[in-house]
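Okay, structure first, notes after.
We did not get these values from a lab; they are worked out from the coordinates using the rules stated. Please read all numbers here as calculations on a predicted model, not as lab measurements. Every residue, glycine among them, receives a Cβ derived from its backbone with ideal geometry; neighbour counts consider all protein chains shown.
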Amino acid sequence: MSEPKGKYNIKAVSQMLGIQAGTLRAWERRYHIIAPVRNEAGHRLYTEEHVKLLKWLIQKINKGFTISQAINLLENSGLITETSNHSESEGYFDDELADKLLDALMHFDENSAHEYLNQAFSFYSIDKVVIDILGAVLVRTGDLWERKKITSAHEHFASSFLRSRIGNIMHSLPTNSYLPKVVAVCGPNELHEFGLLIFTLYLRRKGYEVVYLGGSIAPEDVDIVLKEVNPKFLFLSCTLGMNLPETLILVDRLINEFPTVEIGVGGNALQFTTQDQKDLYQRHIVGNTKAEWDSWLESRM
């Protein structure tokens with residue numbers, strides 16, 4: 001296959017991307033990311049692929065990356081050999097990190113798992129890593145386990161690793177005493193608590209003081225905690241569809257017994273709700289994305 005031909009001179013690229021020509025020369029000299037072809041007069045000519053690559057780097061810089069971080073991200077992601085996809089690669093690297101992290105966990109490779117996760121935290125915000133990367137790993141691990149593609153040992157190892165890392169972050173975050181208290185608990189018979197952990201970390205990042213109960217809590221014990229803590233919010237998580245009916249029964253009871261508590265329900269099991277149930281519990285369904293969580297909380301503050 002013939003080499004792509006240069007199309008744009010450095011002045012044109014500078015104007016297209018809003019970056020000084022001197023900066024382009026410095027990047028080329030220091031990082032060796034692109035090598036513009038030269039015309040007969042020795043002037044640089046940039047290809048369409050060069051422009052896409054540079055545009056990708058600038059997008060990262062505009063989001064807070066340094067140029068060295070952006071280039072490191074580019075090199076580690078493998079995109080350096082796939083320049084035709086740079087302009088559409090916004091979610092590529094986090095997907096790749098999720099793939100690598102999941103693979104490490106499925107091979108019981110804790111050192112590599114820590115390495116990939118540390119790499120993710122070095123590039124992205126805590127919210128981005130936890131919701132988009134760990135959330136993806138969580139969902140895929142649960143799916144593999146439910147479809148019997150992995151053993152309980154794999155699921156427990158991955159769960160232990162993720163619980164430890166998320167817990168360490170969560171307990172290091174300060175809380176805002178002016179915000180109302182929150183209780184977070186899994187629904188009846190629920191043992192899968194990572195969705196709730198991720199949501200709790202989201203709340204802690206906002207400054208909420210969260211009493212995290214996790215799974216294996218008897219429904220009647222939730223009442224005791226609510227009376228003791230007197231929270232504004234109670235969040236229930238349900239992951240497995242078979243536990244959804246009892247979770248909704250608990251929601252109905254708590255709505256009647258604790259009318260001043262705002263109750264939210266989330267988790268993968270909600271995909272199994274009927275349309276009638278969605279209509280009935282619409283006020284209490286918090287959603288699956290950060291934007292939906294933000295909207296739910298803002299409407300009740």
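For semi-axes √(5λ) of the Cα gyration tensor in Å, the value calculated from this model appears in (i) 37, 23, 18; (ii) 44, 26, 15; (iii) 47, 21, 17 under label (iii). Fewest neighbouring Cβ atoms within 10 Å first, the residues ARG300, ARG147 line up as ARG147, ARG300.
The order of MET106, MET242, going from fewest to most other C-beta atoms within 10 Å of their C-beta, is MET242, MET106. In the elastic network of the chain, a GNM with C-alpha springs shorter than 10 Å, the most mobile of LEU201, LEU45, LEU244 is LEU45. With 30 Å as the limit, the listed pairs LYS11/LYS128; LYS63/LYS148; LYS227/LYS278 have LYS11/LYS128; LYS63/LYS148 beyond it between alpha carbons. Charged neighbours of TYR208, selected by a Cβ distance under 11 Å, balance to +4 (K, R count +1; D, E count -1).
So what is the calculated 222 nm ellipticity per residue for the chain, using -39500 (n - 2.57) for each DSSP H run with n of 4 or more, over all residues, to the nearest 500 deg cm²/dmol?
My calculation for the chain gives -16500 deg cm²/dmol from helical runs alone.
Using the Karplus relation 6.51 cos²θ - 1.76 cosθ + 1.60 with θ = phi - 60°, the per-residue 3J(HN,Hα) values for the stretch 246-260 come to 5, 5, 5, 4, 5, 4, 4, 5, 5, 4, 6, 8, 10, x, 8 Hz, with x marking Gly and Pro.
Across ALA41, ALA158, ALA104, mean-square fluctuation computed from a Gaussian network of the chain (C-alpha pairs under 10 Å connected) peaks at ALA41. Please report the antiparallel percentage of DSSP beta bridges with both residues in the chain, rounded to the nearest 5. Roughly 20 percent of the DSSP beta bridges within the chain come out antiparallel.
Near GLY167, once Lys and Arg are set to +1 and Asp and Glu to -1 for all other residues with Cβ below 15 Å from its Cβ, the sum equals +3. Sorting LEU191, LEU53 from the fewest to the most surrounding beta carbons within 10 angstrom yields LEU191, LEU53. The stretch 223-291 and the stretch 106-154 have Cα centres lying 26 Å from one another. Once you've got the GNM for the chain with C-alpha springs shorter than 10 Å, pick whichever of GLY267, GLY167, GLY135 has the biggest mean-square fluctuation. Residue with maximal mean-square fluctuation among GLY267, GLY167, GLY135: GLY167.
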